[in-house]
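The values are calculated or read from the model by the stated rules, or taken from the named source; none is laboratory data. Just so it is clear, the model here is predicted, and its values are computed rather than measured. All Cβ positions, glycine included, derive from the backbone under ideal geometry; neighbour counts span all protein chains shown.
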Amino acid sequence: MEEDILRRLEMYKSSRQILIDKQTNYRWSKKELEVGSSSYGIYQEQELHFTIRIRELEWVLNLIK
């Protein structure tokens with residue numbers, strides 16, 4: 001069970017890093033600079049989603065150790 005949790009934890013961390021990289025390398029258009037970007041907001045929401053899941057899995061791992 002612990003191996004499955006660790007595998008999923010690594011998958012979530014990898015997915016979150018991809019989103020972080022997308023935010024870092026995001027190219028803003030002039031319009032987006034003025035009014036904001038829904039795409040960038042979606043990346044931030046998804047990153048938060050993965051961060052929450054990562055913390056939950058780390059919490060579970062600490063419980064079973």
Those residues of region 41-59 which are surrounded by 14 or more Cβ atoms within 10 Å (Cβ to Cβ) and either in contact with a Phe, Trp or Tyr (Cβ under 8 Å, 6 or more places away or on another chain) or basic (Lys, Arg) (or both), in sequence order = 43, 50, 53, 54, 57
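Just to be sure before I move on: is residue 40 in a helix (DSSP H, G or I) and either at pLDDT below 95 or more than 16 Å from the chain's Cα centre (by Cα) (or both) in the structure I sent?
yes
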ask   = If you check 19, 33, 63, which single one turns out to be surrounded by 11 or more Cβ atoms within 10 Å (Cβ to Cβ) and either in a helix (DSSP H, G or I) or over 17 Å from the mean Cα position of the chain (by Cα) (or both)?
value = 19
Region 12-64: number of residues that are in contact (Cβ under 8 Å) with a residue 24 or more places away in the chain and closer than 26 Å to residue 1 by Cβ = 13
